[in-house]
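Enquirer: Have a look at the structure that comes next, please.
None of the figures in this text is laboratory data; all of them are computed from the coordinates on show. Since the model is a prediction, treat every value here as computed from it, not as a measurement.
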Amino acid sequence: MKWNRKSKDRRKDRMQKLYCDTCKRFLADRLVEGICPTLGCEYDSARGDQCEKRGKLINPIELKTPRCKVVYH
Ligand SMILES: [Zn+2]
Ligand SMILES: [Zn+2]
């Protein structure tokens, strides 16, 4: 699995989405899962839009080892 970022424009960093090469589509935040980027949390099943462990909003592109939740590949 490889992830690409949509935006080539740094000013639009906030609009970046993760692209799943296997699904051939950009993923909605809630379809991405990975390790929480929050220091001291590192919950391994954090959703792309929010870490359920601490209820903290996160940016999906900051997730460590993002996984596609569509088919878990
Ligand atoms: Zn996928
Ligand atoms: Zn967390």
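Enquirer: Can you compute 3J(HN,Hα) from phi for each residue in segment 57-71, using the Karplus curve 6.51 cos²θ - 1.76 cosθ + 1.60 with θ = phi - 60°, rounded to whole Hz and x for Gly and Pro?
Expert: For segment 57-71, the Karplus-derived couplings read 6, 9, 9, x, 6, 8, 4, 8, 6, x, 10, 7, 7, 5, 10 Hz, x marking Gly and Pro.
Enquirer: Taking the alpha-carbon set of segment 14-69, what are its Rg and Dmax in Å?
Expert: Radius of gyration, then largest Cα-Cα span, for segment 14-69: 10.5, 33 Å.
Enquirer: Please give the Cα centre distance for segment 35-73 versus segment 16-30, rounded to the nearest Å.
Expert: Result: 15 Å between the Cα centres.
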